[in-house]
Amino acid sequence: MNAAPLPHPGRRLARGAVAIAPLCLAVVPWGLLAGSYAVSAGLSPLEGQALSLILFAGAVQLVVIGMGQDGASLAAMLLATAFITARHLLYGLSLRDRVGALPLRWRLPLGFLLTDELFAVCTRHDAPAFDRWYMLGAGLVFYLVWNLATLVGVVMGETLPGIEALGLEFAVAATFIAIVVPNLIDRALWVAALSALVVAVLAAHLGIPGGLVLAALAGMGAGYVTEQVAP
Amino acid sequence: MSLFELLTLTLVIFASRYLFLEPALPLRLNRHLRGMLRYAGPAVLTAIWGPVVFIHGEPGRFALALPELAAATLAALLAWRTHRVLLTVTLSMALYFLLRLW
């Protein structure tokens, strides 16, 4: 696989940017929502934008804005944040061999940019063997799009019609289905995905907090056991 | 939201993203953990999309809803046959909105 020299870094950046483009499309409405919700919840436009610039975590932003509006304590916000953000630990573990070997000036930005979507394009079946420039290009474009969408949401504020009702969640679901399904190339991968699906839905139905991470671990365990026992 | 709150939340989120990327963290992945990580992508992403498709209402309960079910099925079929993300998302979203309007 290492026969041909790698193309120019600019080309690799661009390749990452192209790979994440469809995921950017699905996240635009969420960015709009993050901006307009912040402003209509009483945050200043600057605060609303700062959430996207500094936290850069869609689900956490929406939850924290809602909790702040209800007068929740910082401790409660931190607990909710910890549950939502715990899945990033798995992404870090998965990429540890590759990103961990890079110098700090690469690790910090790539770590900061590590979202569900960036992890998704890095684990696609047709993603290049790990390439820092590809990952950086994808991460930066996603960051830019998220913040531009937030900016538009902040400016439009409450004039934005109730976009919660439009079924935005499904856009993200569709992109993840589009990425996962072609990856299911053997029995163990199927078992992993189906186990995660069943546990995630069951946990959500029962209202178990942290169901996402639980389901992910169950899927990973089931996939690995299948590979060992009945590949 | 105070600056202190914002910075505290930032710290928690950044830590969750960066922690295991830090080589100074004394952590050796054994064979089994390494083997499990091969399945992290499909498992985590499925754990995210699953409830969107199968959980409805407030508080969320398992339920089958035609728009989500049909559009997710179309997305899975398109992804399987074409391997094209943009095409898959565009067509399945179109079906989803159509069924919701209808």
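The values are calculated or read from the model by the stated rules, or taken from the named source; none is laboratory data. Quick caveat, the model's predicted, so the values are computed rather than measured. For neighbour counting, all protein chains shown are included, and Cβ atoms are generated from backbone atoms with ideal geometry for every residue, glycine included. Surface areas here come from the heavy atoms of the whole protein model, side chains and all, with no ligands, DNA or RNA. Shrake-Rupley method; radii C 1.70, N 1.55, O 1.52, S 1.80 Å.
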Item to check | Pick from the range A:122-146, criterion within 10 Å of chain B (Cβ to nearest Cβ) and farther than 18 Å from A:L6 by Cβ, ranking: modelled with the highest pLDDT | outcome: A:T123
Checklist entry - Of the residues A:L102, A:L89, which is at the interface with another protein chain (Cβ under 7 Å from one of its Cβ atoms) and either surrounded by fewer than 19 Cβ atoms within 10 Å (Cβ to Cβ) or not in a helix (DSSP H, G or I) (or both)? => result A:L89
Item to check | Residues (in a helix (DSSP H, G or I), β-branched (V, I, T) and either open to solvent by 70 Å² or more (accessible area, probe 1.4 Å) or closer than 22 Å to A:I65 by Cα (or both)) located in the range A:114-159 | outcome: A:V145, A:T150, A:V152, A:V154, A:V155, A:T159
Item to check | Those residues of the range B:21-60 which are in a helix (DSSP H, G or I) and either among the hydroxyl-bearing types (S, T, Y) or touching a His at 6+ places or on another chain (Cβ under 9 Å) (or both), in sequence order | outcome: B:T46, B:P51, B:F54
Item to check | Considering residues of the range A:93-142 that are within 15 Å of the chain's Cα centre (by Cα) and among the small types (G, A, S) only, the residue farthest from A:W30 (Cα to Cα) | outcome: A:S94
Item to check | Qualifying residue in the range A:169-177 (condition: more than 17 Å from the chain's Cα centre (by Cα) and charged (D, E, K, R)) | outcome: no
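Would you be able to say whether some residue in the range A:10-18 is within 19 Å of A:L151 (Cα to Cα), assigned to a helix (DSSP H, G or I) and of a type in the set (D, E, K, R)?
No, the conditions are met nowhere in the range A:10-18.
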Checklist entry - Is it true that A:T123 is assigned by TED's automatic domain parsing to the domain that holds A:C24 and closer than 19 Å to A:L89 by Cβ? => result yes
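Conditions tested, residue by residue: (1) open to solvent by less than 20 Å² (accessible area, probe 1.4 Å); (2) in contact with a Lys or Arg (Cβ under 7 Å, 6 or more places away or on another chain); (3) touching a residue at least 24 places away in the same chain (Cβ under 8 Å); (4) of a type in the set (D, E, K, R).
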| residue | (1), (2), (3), (4) |
| --- | --- |
| B:M1 | no, no, no, no |
| B:A15 | no, no, no, no |
| B:P23 | no, no, no, no |
| B:A47 | yes, no, no, no |
| B:F62 | no, no, no, no |
| B:A71 | yes, no, yes, no |
Next on the checklist: Here are the criteria: (1) at pLDDT below 95; (2) surrounded by fewer than 16 Cβ atoms within 10 Å (Cβ to Cβ). Tell me which single one A:L108 does not satisfy.
Outcome noted: (1)
Next on the checklist: Please verify whether A:A171 is small (G, A, S), within 7 Å of chain B (Cβ to nearest Cβ) and in contact (Cβ under 8 Å) with a residue 40 or more places away in the chain, treating the condition exactly as stated.
Outcome noted: yes
Checklist entry - Are any of the residues in the range A:126-142 within 30 Å of A:G42 (Cβ to Cβ) and assigned by TED's automatic domain parsing to the domain that holds A:R15? => result yes
Next on the checklist: Restricting to the range A:188-201, and then to whatever is within 14 Å of B:M36 (Cα to Cα) and not small (G, A, S), can you tell me which residue is nearest to the other protein chains (Cβ to nearest Cβ)?
Outcome noted: A:L189
Next on the checklist: Among the residues that make up the range A:42-61, is at least one of them part of a helix (DSSP H, G or I), more than 9 Å from every other protein chain (Cβ to nearest Cβ) and without any contact (Cβ under 8 Å) to a residue 12 or more places away in the chain?
Outcome noted: yes
